[in-house]
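The values are calculated or read from the model by the stated rules, or taken from the named source; none is laboratory data. Quick caveat: nothing in here was measured; it's all calculated off a predicted structure. All Cβ positions, glycine included, derive from the backbone under ideal geometry; neighbour counts span all protein chains shown.
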Amino acid sequence: MKKEEILEASKKENKKKDIYAIEVEAKSSQIAGLSMLILASVYFIYEIMSGKGQNPALYSLITLYESILYGYKAIKIKERRKLSIFTSVIWGILTLVLILEYFKVI
């Protein structure tokens with residue numbers, strides 16, 4: 001078998017999934033989440049410094065994103081599953097607290 005034939009067979013087996021593309025997509029999700037957190041922190045500091053108060057709804061969106069990201073990883077990837085579940089639960093609890101704070105339930 002030639003190199004090209006082996007590569008083609010491998011692509012058919014993996015349903016044309018490119019491992020590098022999958023890794024890039026995962027890394028981009030992490031970078032996007034971190035960027036959202038940094039920007040939200042800048043907004044948060046600005047709101048406090050300007051006297052506008054705090055907006056927990058903004059942070060609840062970010063924490064929800066992180067909770068879903070780690071929860072999905074826990075479902076799909078067996079490696080470090082317990083850590084992903086723990087992290088997802090912590091982010092989920094923080095999301096609920098922020099939502100309750102937004103609606104002034106707490």
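The table that follows gives values for the structure above.
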quantity: I99 being free of Cβ contacts under 8 Å to residues at least 24 places away in the same chain and outside any loop (DSSP other than H, G, I, E, B); calculated: no
quantity: Extreme residue, surrounded by the most Cβ atoms within 10 Å (Cβ to Cβ), among residues of the stretch 53-87 that are out of contact with any Lys or Arg (no Cβ under 8 Å at 6 or more places or on another chain) and of a type in the set (S, T, N, Q); calculated: T63
quantity: Residue match in the stretch 12-31 (condition: within 21 Å of the chain's Cα centre (by Cα), among the hydroxyl-bearing types (S, T, Y) and modelled with pLDDT of 80 or more); calculated: yes
quantity: Residue within the stretch 71-78 that is touching a helix residue (DSSP H, G or I) at 6+ places or on another chain (Cβ under 9 Å), among the charged types (D, E, K, R), modelled with pLDDT of 80 or more and farther than 23 Å from I99 by Cα present; calculated: yes
